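A.B. asks: The structure's right below; bear with me while I get my questions together.
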Amino acid sequence: MEKNNWYLSMWFVALMFALWFLILPLIIGIILLVRINNEKINNHKELNEKIERLHYLENILNKRELEIESLILQKQKDIGLINFTQTIKMVSKIREKEDALFLWEDALIKREQEIVAKITQETQLFNSILKAKEDDKNREHELVEIKRQIRILENKKINLEDEILLQSFGFYDNKFFLENSQEYLTYLAMVRSKQKQLVREKRATKYDMISLDEENRVPSVEPESAQSKQQIKLAIRFFNNECDAVISKVKFNNVEVAEKKIRSSFYDINKLNKYNSISITEEYLHLKLEELFLVHEYTEKKQEEREEQRRINELIREEIKVQKELEEELNIIKKEEQHLLNVISQLSSQVSEQEMLQYKNRLEEIREQKEKVDYRVKNTKAGYVYVISNIGCFGENVYKIGMTRRLEPMDRVRELGGASVPFHFDVHAMIFSKDAPALEASLHRAFHHRRVNRINERKEFFRVTLDEVKKVVHQNHNAFIEFTMISEAKEYRETQILEKQLAKQHII
């Protein structure tokens, strides 16, 4: 019977006979019974044909087995002859090896004699070294002291190298702790306004008039001459251009280098203008450095805000998706509930008590599901906190502790184990909570000092043991939660076994 012919199913035929008093359903039921009987006869014929085909194939296979047995006997005879030939060859090779061993034994005896002579010489040399050591005890003390000094210097060198490495990675301590990027822009505009004010008030540079008697020299121009004003303007413009070029290229890993470049430009320009008695003031330099630090911190803060906004957008999208899933599930449950109510009301007098009890039990299950889903729809904090690991990616005792409001939480785990990682995640616990964000936050606080990424706290990976996670979960969650203590890591472990096998084959 074809699966698509639903009208040939027994329940439909029974329904037609149940409506016999309408005459037409009775006729349809008789026709369908005849159709079902014909289908069974056809199926029986097809089955007999397939059985005959199987018998035929079995006979062919038996013949083929006899042919293969005769070929195997012939092959065994050929192999016996080959083994005899190989045995002869092996005997000749063994004899050759015996001759080589005799030669090797003679060479070993000679080598042994040479070693004995060498040991005798080394013993004499060792005795002379011992005597020299006894004579040089004072030098040994000096050598120990020198080594100690070397270790101290090496430690200093390591510390210095670590410091240089940290600087190369751009570890920068913020100078301004403003709330958002807009505050940085406001403060930056204020600093640039101060720079302009210094230039207008002629406090960005100094012009020192030094007489011939004091320094045995005179300035190249008069203090208030047009030429001196032009030189001051050029010095400020040149310094501004240098600073702008440096500030425009500042990044997280070159702040200190940028600061050094600005200071270097400051000293170089003042040195070049020394004989003109012109110098840029320290106050103007400090404002330029403030601008550098503000631009850097503004860029970092802007990036943080972008990441935070991206995270918020992802949460909103996730929330909309979850809410939609919950509403769709609720609609499906309501439809099934209504369907069961209609069935119970229409067939209450036509079905047995046992069937009616089954309908009612199913209706009760549907209502329980409806209550749960309805609660999830109304309570946006309800969800699952998961504890997962990925030994192949992160190693032992590294766990991700996150949260999802998905109706099916494993969907989120499967997303995390997608194409971005080489192995799937193992689930150790899936905890339903009425306030999932609070439970997740309590776990993150408890293991804050065990974060894998200390810089970006949005990365939810922690270097802890499952026993520690289990203990904190039970402290913050009343219900008993079953933990899977062993990571299956099926793909990772099979990969390790395969690599070992390939390594052995390569060695062989």
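The values are calculated or read from the model by the stated rules, or taken from the named source; none is laboratory data. Predicted model, so just to flag it, every value in this text is computed and none were measured. With ideal geometry, Cβ positions are generated from the backbone for all residues, glycine too; neighbour counts draw on all protein chains shown. The accessibility values were calculated without ligands, DNA or RNA, using every heavy atom of the protein model including side chains. Shrake-Rupley method; radii C 1.70, N 1.55, O 1.52, S 1.80 Å.
A.B. asks: Just to be sure I understand, how many residues within region 200-214 are at pLDDT below 75 and either of a type in the set (S, T, N, Q) or open to solvent by 100 Å² or more (accessible area, probe 1.4 Å) (or both)?
C.D. replies: We begin by selecting, within region 200-214, every residue at pLDDT below 75; these are 208-214.
Next cut, either of a type in the set (S, T, N, Q) or open to solvent by 100 Å² or more (accessible area, probe 1.4 Å) (or both) only: 209, 211, 213-214.
Looking only at that region, the number is 4.
A.B. asks: Exactly one condition in (1) touching a strand residue (DSSP E or B) at 6+ places or on another chain (Cβ under 8 Å); (2) among the polar types (S, T, N, Q); (3) modelled with pLDDT under 75 is not met by SER389; state its number.
C.D. replies: So the condition that SER389 fails would be (3).
A.B. asks: Can you name the condition, by its number, that LEU178 falls short on among (1) modelled with pLDDT of 70 or more; (2) over 30 Å from GLU304 (Cβ atoms); (3) outside any helix (DSSP H, G or I)?
C.D. replies: (2)
A.B. asks: Within region 430-442, identify whether any single residue is under 22 Å from the mean Cα position of the chain (by Cα) and either open to solvent by less than 50 Å² (accessible area, probe 1.4 Å) or touching a residue at least 60 places away in the same chain (Cβ under 8 Å) (or both), and answer yes or no.
C.D. replies: yes
A.B. asks: Do any residues in region 304-318 that are closer than 20 Å to ILE455 by Cβ have Cβ atoms under 7 Å from those of residues that are part of a helix (DSSP H, G or I) and not acidic (Asp, Glu), where the two are at least six apart or on different chains, and which pairs are they?
C.D. replies: Every condition considered, the pairs that remain are GLU305/SER181.
A.B. asks: Can you tell me how many residues within region 458-475 are surrounded by fewer than 17 Cβ atoms within 10 Å (Cβ to Cβ) and farther than 30 Å from GLN309 by Cα?
C.D. replies: Residues that pass the stated criteria total 6.
A.B. asks: Could you please let me know if GLU499 is among the acidic types (Asp, Glu) and either in contact (Cβ under 8 Å) with a residue 12 or more places away in the chain or part of a loop (DSSP other than H, G, I, E, B) (or both)? Before you say what the answer is, go through the steps one by one.
C.D. replies: On the way: among the acidic types (Asp, Glu): yes; either in contact (Cβ under 8 Å) with a residue 12 or more places away in the chain or part of a loop (DSSP other than H, G, I, E, B) (or both): no.
Here the answer is no, as GLU499 does not meet what is asked.
A.B. asks: Give me the residue from region 266-291 that is in a helix (DSSP H, G or I) and hydroxyl-bearing (Ser, Thr, Tyr) and, out of that set, least open to solvent (accessible area, probe 1.4 Å). Can you show your working first?
C.D. replies: Filtering region 266-291 for residues in a helix (DSSP H, G or I) gives 266-272, 274-276, 282-291.
If we keep only those that are hydroxyl-bearing (Ser, Thr, Tyr) too, we end up with 267, 275, 284.
Working: TYR267: 123, TYR275: 150, TYR284: 6 Å².
Per the criteria, the residue is TYR284.
A.B. asks: Now for a different question. Where residues in region 240-256 are of a type in the set (S, T, N, Q) and within 29 Å of the chain's Cα centre (by Cα), which of them is nearest to LEU198 (Cα to Cα)? Spell out how you get there, then give the answer.
C.D. replies: Here is the first cut: in region 240-256, the residues of a type in the set (S, T, N, Q) are 240-241, 248, 253-254.
Adding the requirement that they be within 29 Å of the chain's Cα centre (by Cα) leaves 253-254.
Working: ASN253: 31, ASN254: 28 Å.
Across region 240-256, the extreme among qualifying residues is ASN254.
A.B. asks: Could you say which residue among GLN338, GLN346 is closer than 20 Å to ALA14 by Cβ and open to solvent by 90 Å² or more (accessible area, probe 1.4 Å)? Spell out how you get there, then give the answer.
C.D. replies: Working: GLN338 fails: closer than 20 Å to ALA14 by Cβ.
Answer to the check: GLN346.
A.B. asks: To continue, here is another question. If you check every pair at least six apart or on different chains, which have Cβ atoms under 8 Å apart with a residue in region 345-365 that is over 15 Å from ALA18 (Cβ atoms) first and a residue that is assigned to a loop (DSSP other than H, G, I, E, B) and at pLDDT below 75 second?
C.D. replies: That search, which allows pairs on different chains as well, returns MET356/SER348; TYR359/VAL351.
A.B. asks: Taking the conditions exactly as written (over 30 Å from ASP374 (Cα atoms) and either touching a Gly at 6+ places or on another chain (Cβ under 8 Å) or outside any helix (DSSP H, G or I) (or both)), does ARG458 satisfy them or not?
C.D. replies: Values: over 30 Å from ASP374 (Cα atoms): yes; either touching a Gly at 6+ places or on another chain (Cβ under 8 Å) or outside any helix (DSSP H, G or I) (or both): yes.
Criteria met by ARG458.
A.B. asks: Let me ask another. Which condition does GLN369 not pass, out of (1) open to solvent by less than 40 Å² (accessible area, probe 1.4 Å); (2) over 30 Å from LYS490 (Cβ atoms), if it passes all the others?
C.D. replies: (1)
A.B. asks: Of all the residues that make up region 416-434, how many are at pLDDT below 85 and among the charged types (D, E, K, R)?
C.D. replies: 1
A.B. asks: Starting from residues that are part of a strand (DSSP E or B) and under 17 Å from GLU325 (Cβ atoms), keep the ones in region 387-427 and report whichever is least open to solvent (accessible area, probe 1.4 Å). Give the steps one after another, and end with the answer.
C.D. replies: Of all residues in region 387-427, those part of a strand (DSSP E or B) come to 387-389, 398-404, 426-427.
Checking which are under 17 Å from GLU325 (Cβ atoms) leaves us with 403-404.
On the way: MET403: 56, THR404: 4 Å².
For region 387-427, the residue satisfying everything is THR404.
A.B. asks: Cβ-Cβ below 9 Å, separation at least six or inter-chain, first residue in region 244-265 and surrounded by 18 or more Cβ atoms within 10 Å (Cβ to Cβ), second not in a helix (DSSP H, G or I): which pairs?
C.D. replies: ASN254/GLY170; VAL255/GLY170; VAL255/TYR172; ALA258/LYS249; ALA258/VAL250; ALA258/LYS251
The rows are residues; the columns are (1) of a type outside the set (Phe, Trp, Tyr); (2) within 30 Å of LYS301 (Cβ to Cβ); (3) not in a helix (DSSP H, G or I).
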{"residue": "ALA429", "(1), (2), (3)": "yes, no, yes"}
{"residue": "GLU440", "(1), (2), (3)": "yes, yes, no"}
{"residue": "THR495", "(1), (2), (3)": "yes, no, no"}
{"residue": "LYS504", "(1), (2), (3)": "yes, no, no"}
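A.B. asks: Continuing with this model, one more query. Only one of these conditions is not met by LEU502: (1) under 30 Å from ARG311 (Cβ atoms); (2) of a type outside the set (Phe, Trp, Tyr); (3) surrounded by fewer than 13 Cβ atoms within 10 Å (Cβ to Cβ). Which number is it?
C.D. replies: (1)
A.B. asks: In region 16-39, how many residues are within 22 Å of SER352 (Cα to Cα), open to solvent by 50 Å² or more (accessible area, probe 1.4 Å) and in contact (Cβ under 8 Å) with a residue 12 or more places away in the chain?
C.D. replies: Summing the residues that are within 22 Å of SER352 (Cα to Cα), open to solvent by 50 Å² or more (accessible area, probe 1.4 Å) and in contact (Cβ under 8 Å) with a residue 12 or more places away in the chain in region 16-39 gives 2.
A.B. asks: So which residues in region 453-468 are within 25 Å of ILE481 (Cα to Cα) and under 15 Å from the mean Cα position of the chain (by Cα), if there are any at all? First the steps, then the outcome.
C.D. replies: To start, the set of residues in region 453-468 that are within 25 Å of ILE481 (Cα to Cα) comprises 459-468.
The answer is LYS459, GLU460, PHE461, PHE462, ARG463.
A.B. asks: Turning to a different aspect of this structure: From ILE23, ILE41, grab the single residue that is more than 56 Å from the chain's Cα centre (by Cα) and over 25 Å from GLN346 (Cβ atoms). Step through it out loud before you land on a result.
C.D. replies: On the way: ILE23 fails: over 25 Å from GLN346 (Cβ atoms).
Answer to the selection: ILE41.
A.B. asks: In this structure, is TYR284 under 26 Å from LEU198 (Cα atoms), at pLDDT 90 or above and out of contact with any Cys (no Cβ under 6 Å at 6 or more places or on another chain)? Before the answer, list the steps.
C.D. replies: Working: under 26 Å from LEU198 (Cα atoms): yes; at pLDDT 90 or above: yes; out of contact with any Cys (no Cβ under 6 Å at 6 or more places or on another chain): yes.
Answer is yes for this residue.
A.B. asks: Tell me which residues, restricted to region 292-308, are of a type in the set (Lys, Arg) and surrounded by 19 or more Cβ atoms within 10 Å (Cβ to Cβ). Spell out the reasoning first.
C.D. replies: Initially, region 292-308 is screened for residues of a type in the set (Lys, Arg), giving 301-302, 306.
LYS301 - this is the single residue of region 292-308 that is of a type in the set (Lys, Arg) and surrounded by 19 or more Cβ atoms within 10 Å (Cβ to Cβ).
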